[in-house]
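The block underneath contains the structure these notes are about, expressed in structure tokens.
The values are calculated or read from the model by the stated rules, or taken from the named source; none is laboratory data. The structure displayed is predicted, hence computed values, not measured ones. Methodologically, a virtual Cβ is constructed for each residue, glycine included, from the backbone with ideal geometry; neighbour enumeration extends over all protein chains shown.
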Amino acid sequence: MSTAKMDILVGLQWGDEGKGKFIDHICPEYDIVARFNGGANAGHTIFWEDKKITLKLLPSGIFYPHIQNVIGTGTVVNPGQLKNEIEQLAFTCPELTFKERLFISKKAHLVLPTDKYRDSYFEHSDDYRTIGTTKNGIGCAYANKFLRHGFRVADIYTDGFTDEVEKVMHKAYLELVENGQEMIDFNAMMDEFLKDIAYLKQLSIIDTELFLNTSLKTGKRILAEGAQATMLDIDHGSYPYVTSSNTIASAACVGLGIPPSMTGEIFGVFKAYATRVGDGPFPSELNDGLADELRTKGNEFGSNTGRPRRIGWLDLPALRYAVMLNGITRLIMTKADVLNGMDSVDLCEQYEVNGELQEIATVDDTFCTALPKWKTFEGWRSDFSTITSEQELPRELRTYITFLSDQLEVPLSYLSIGPKRKDIIALECCR
Ligand code: IMP
């Protein structure tokens with residue numbers, strides 16, 4: 001059997017592009033789905049047998065019995081949240097067996113209960129910048145990792161783990177209390193955490209690098225699943241209003257320990273418009289009644305936090321930047337149905353920055369001053385519930401997607417026109 005390549009899927013905007021749904025669609029083509037970054041700050045929504053399920057840390061391949069699912073080295077694992085997610089999924093889908101198909105990297109870092117409180121403290125304290133995080137402690141866990149103070153998953157098997165982690169958590173706890181952060185009782189927190197650790201020990205904790213590289217060598221097909229999205233990348237996003245991990249395609253190699261020479265297709269998912277949750281610049285943002293209308297129609301409320309998402313038109317300079325950074329080979333546009341029935345659809349074609357026109361976002365200190373230059377398209381109107389092929393798509397929508405594919409110089413290969421599994425159309429027109 002010949003060596004296979006690892007394909008990578010990333011979000012091209014500010015998250016919530018519908019990555020989970022598209023992964024679910026292409027899953028049958030893969031043997032392994034592996035999460036490479038982030039933690040339970042993600043919210044990948046999938047419909048399984050008409051049940052709406054939001055995955056936070058579990059990879060989106062979990063619904064297919066033939067797929068092995070990996071929580072990779074580049075992720076951060078909150079044992080309590082993972083336990084809840086597994087138990088909740090087992091409760092909602094009792095006929096789905098997935099625990100034996102789940103593998104966790106020994107080298108992934110743990111999110112400690114105190115990290116969540118520290119995240120909340122940083123968000124509320126006047127001494128620190130407010131980012132609008134999901135308050136899951138993800139940034140604090142990555143900070144511990146880079147300070148080399150972190151605990152990794154395999155550490156839970158070491159003799160001194162309980163004492164060491166208790167010492168670290170207690171110190172953080174006292175600091176938080178001193179700073180006025182409201183906390184639960186320390187002993188209760190510690191007891192709960194140790195129960196969660198005992199649960200984690202029952203799962204398959206393995207050398208995922210070895211597992212994934214060996215799998216590729218034996219011809220197994222891997223899909224690397226990105227969480228959050230390009231504009232939230234810690235280095236290339238709109239810093240400081242970003243997440244705490246690298247979200248772009250190259251991070252899949254680092255986060256999973258797969259060499260760049262072993263990568264294949266890079267899928268980039270984006271919505272037909274733009275959304276952002278949390279603070280930070282958003283050049284194509286809409287602040288009128290139309291934003292409210294689209295928010296309701298598109299159900300644009302955080303799947304993780306329930307926060308209303310900010311809404312804007314599609315931002316082409318930001319998309320050009322994202323396509324460049326990721327080296328996208330195939331584009332997927334989602335939520336075309338949400339714009340259905342509008343007389344016209346706008347799109348930010350360029351920015352004006354300091355009096356100059358910009359085709360591609362630079363996402364530097366000028367980003368928050370970028371003024372959108374709009375282009376208007378004819379709106380589309382159709383009954384999307386009956387569309388099953390490309391030929392049935394309204395002409396105006398075809399014009400819109402052909403324009404995007406030409407501008408981004410990448411084939412637009414799939415279009416999502418509704419929330420259900422069946423609502424994905426493979427495209428030939430933009431190849
Ligand atoms: P954190 O990742 O919780 O630290 O939050 C940092 C920023 O990333 C905030 O603006 C969050 O709203 C945003 N963010 C984190 N995860 C997601 C996601 O899955 N979708 C959309 N935004 C996210």
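Quick look at the numbers
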item	result
Residues that are among the charged types (D, E, K, R) and within 16 Å of the ligand (Cβ to nearest atom), drawn from the stretch 88-119	Asp115, Lys116, Arg118, Asp119
Some residue of the stretch 47-56 being out of contact with any His (no Cβ under 7 Å at 6 or more places or on another chain), more than 14 Å from the ligand (Cβ to nearest atom) and in a loop (DSSP other than H, G, I, E, B)	yes
Residue selected from the stretch 283-321 under the condition part of a helix (DSSP H, G or I) and either within 16 Å of the ligand (Cβ to nearest atom) or in contact (Cβ under 8 Å) with a residue 60 or more places away in the chain (or both), by the criterion nearest to Asn41 (Cα to Cα)	Arg295
Residues satisfying the stated conditions in the stretch 234-282, i.e. assigned to a loop (DSSP other than H, G, I, E, B), more than 10 Å from the ligand (Cβ to nearest atom) and in contact with a Ser or Thr (Cβ under 8 Å, 6 or more places away or on another chain)	His236, Ile248, Ala249, Gly257, Ala272, Pro281
The stretch 222-233, subset touching an Asp or Glu at 6+ places or on another chain (Cβ under 9 Å) and assigned to a strand (DSSP E or B), residue nearest to the ligand (Cβ to nearest atom)	Ala224
Residues satisfying the stated conditions in the stretch 1-45, i.e. buried (at least 24 other Cβ atoms within 10 Å of the Cβ), within 18 Å of Lys335 (Cβ to Cβ) and over 12 Å from the mean Cα position of the chain (by Cα)	Asp24
Subset of the stretch 1-21 (residues that are within 10 Å of Phe267 (Cα to Cα) and either within 11 Å of the ligand (Cβ to nearest atom) or of a type outside the set (Asp, Glu) (or both))	Ile8, Leu9, Val10, Gly11, Leu12, Lys19
Condition broken by Gly15, with the remaining ones in (1) closer than 27 Å to Asp196 by Cβ; (2) in a strand (DSSP E or B); (3) in contact (Cβ under 8 Å) with a residue 60 or more places away in the chain satisfied	(2)
Among the candidates Phe122, Phe186, residue that is away from the ligand (no atom under 16 Å from the Cβ), modelled with pLDDT of 95 or more and of a type in the set (A, V, I, L, M, F, W, C)	Phe186
